[in-house]
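Working notes, beginning with the structure itself.
The values are calculated or read from the model by the stated rules, or taken from the named source; none is laboratory data. Note that the structure is predicted; figures quoted are calculated from it, not measured. Neighbour counts run over all protein chains shown; Cβ positions are idealised from the backbone, glycine included.
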Amino acid sequence: MKKLPHKYAFAIHGGAGTVSKITMTKWKEKAYKEALKRALYAGVNILENGGKALDAVVEAVRIMEDNPLFNAGKGSVFTHSGKHEMDAALMDGKTLKAGAVSGVQFVKNPVLLAHLVMKKTKHVMLGGEEAVEFARKNKITLKSQEYFYDEFRFKQWQKAKAKDDISLDHDMNEEKKYGTVGAVALDKKGNLAAATSTGGMVNKKYGRIGDSPIIGAGTYADNNSCAISCTGHGEFFIRYVVAHEVSSMMKHGNKELKAAADLVINHVLQKAGGRGGLIGIDRQGNIVMPFNTKGMYRAYKKEGEEDYVGIYKIEDKGEGD
C-alpha cells in the first residue's frame, strides 16, 4: 500500500517575556497579531504547495526580520556601543545540516545569510566582519546603520545605558514591544526544520552572543525527534542546551514532545532562574509552545485546521503551554 503523505504543520514565535494584557493597547495587539499571521502564512503557503520545511521556516523568519515590531533584522536592539549585532541559525531535520551567523552588522536578513552558510560552505557558523564580507561577496542585501534605527528602540537603549543595564527586550519596565523570532515546520514529505533570528539583548557588551545561533541551544531539528526554536535569556538556554535536550529526551528517554518541552522550560529552566520559552514540532505534527514568562508572541497552523495566534499566558485555545 502506498504511504500517504504527511499533513503539514507550522509554528512561529516572536519572543517571550513580561508581555502584559493590561499595558497592551488594542491597536498594538492588533499590529502584533497581524504581523504574526503574515509570517505564519508566508510559511504555510510554501508547505501547502508541497514545499520544503526548510524553505518555509526561512521565509517566515525573513518576513519577521523585516518588521520592526520584533527584535531581529530591522527591529534589532542597540548594543552598548550603539550598533546592531545580529544572530541567526537554521537546521534541516532530514540531513542535520545547519547554518548560523553571529554578531553580524548591516545584514538585512541574517536568516538568509545563515542559509547561505549552510548551502555554500563546509562550516556551520560564521561571525563578525568576515561573515559580512561573505555576505557581500554572495550578494546578500546589506543596509546602512540608519535602516536599523527605531526611535523607541533608541530610547530604550538610552535608558538601559543610563542604568548600565543589560536586559531582555521584554523585561524593560516600559512598553514591551520587541522579540526574538523563530519558526518550526513539518512538510508533506515528513521532514522537519527550524530557524531562529535575534538582535540579542539591549545594551549588550563585548560582542555577547546568545543561544539563537548556537545549534542545540536555541535552534535544533532532527527528523528522528523534533524541531525546536527558543526565545528568552540566552545564557540559560546555552548552559542547559535546551533545544537539543528536548530532542534527546524524545530519542533516548522515550518522552513525547509535550512532556519533554514542559520539563525543560517549566521545571529545569524555571528552577535555574531562566526565563523564556520555545516552539516545537514533531513528525506527527504535534506542536508545543511552553513558556515560563507572562507571555510569548506565537502562532501556528496545521493542515485542515484553523490557525491560532496568541500573546498572553492564557488564551482562548491551549497549545501545550
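Things to note:
- Filter result for G207 (assigned to a loop (DSSP other than H, G, I, E, B), under 12 Å from the mean Cα position of the chain (by Cα) and either modelled with pLDDT under 95 or aromatic (F, W, Y) (or both)): no
- Residue match in region 287-303 (condition: closer than 27 Å to K37 by Cβ, part of a loop (DSSP other than H, G, I, E, B), of a type in the set (A, V, I, L, M) and without any contact (Cβ under 8 Å) to a residue 24 or more places away in the chain): no
- Within region 216-250, being surrounded by fewer than 22 Cβ atoms within 10 Å (Cβ to Cβ) and among the aliphatic types (A, V, I, L, M) holds for I238, V241, M249, M250.
- Which listed residue, of K33, K37, K119, K108, is at pLDDT 95 or above, touching a Ser or Thr at 6+ places or on another chain (Cβ under 6 Å) and more than 19 Å from A227 (Cα to Cα): K108
- Considering residues of region 35-54 that are buried (at least 18 other Cβ atoms within 10 Å of the Cβ) and without any contact (Cβ under 8 Å) to a residue 24 or more places away in the chain only, the residue farthest from I12 (Cα to Cα): I46
- Within region 254-274, tally of residues that are within 24 Å of D92 (Cβ to Cβ), part of a helix (DSSP H, G or I) and not β-branched (V, I, T): 4
- Check on D262, charged (D, E, K, R), surrounded by 20 or more Cβ atoms within 10 Å (Cβ to Cβ) and out of contact with any His (no Cβ under 8 Å at 6 or more places or on another chain): no
- Verdict on Y300 being touching a strand residue (DSSP E or B) at 6+ places or on another chain (Cβ under 8 Å), of a type in the set (S, T, Y) and surrounded by fewer than 19 Cβ atoms within 10 Å (Cβ to Cβ): no
- Region 1-14, residues that are touching a residue at least 24 places away in the same chain (Cβ under 8 Å) and surrounded by fewer than 23 Cβ atoms within 10 Å (Cβ to Cβ): P5, H6, K7
- When residues in region 15-33 are screened for being in a helix (DSSP H, G or I), surrounded by 14 or more Cβ atoms within 10 Å (Cβ to Cβ) and not aliphatic (A, V, I, L, M), 4 of them pass.
- Members of region 40-71 found to be among the aliphatic types (A, V, I, L, M), at pLDDT 95 or above and within 19 Å of F106 (Cα to Cα), listed by number: V58, V61, I63, M64
- Any hit, region 24-39, residues being out of contact with any helix residue (DSSP H, G or I) (no Cβ under 8 Å at 6 or more places or on another chain), over 19 Å from N109 (Cα atoms) and of a type in the set (V, I, T): yes
- Of all residues in region 41-59, none are in a helix (DSSP H, G or I), of a type outside the set (V, I, T), touching a Ser or Thr at 6+ places or on another chain (Cβ under 8 Å) and closer than 30 Å to E130 by Cα.
- Meets criteria (more than 23 Å from N71 (Cβ to Cβ) and touching a residue at least 24 places away in the same chain (Cβ under 8 Å)) for K271: no
- Selection count, region 86-132, where residues are under 26 Å from Y149 (Cβ atoms) and either out of contact with any helix residue (DSSP H, G or I) (no Cβ under 9 Å at 6 or more places or on another chain) or aliphatic (A, V, I, L, M) (or both): 19
- Tabulated pairs, region 239-262, first acidic (D, E), second outside any helix (DSSP H, G or I), C-beta under 6 angstrom, 6+ apart or interchain: D262/P290
- The C-beta contact set for region 181-194 (first residue surrounded by fewer than 24 Cβ atoms within 10 Å (Cβ to Cβ), second residue among the charged types (D, E, K, R) and assigned to a strand (DSSP E or B), distance under 9 angstrom, 6+ apart or interchain) comprises N191/D92.
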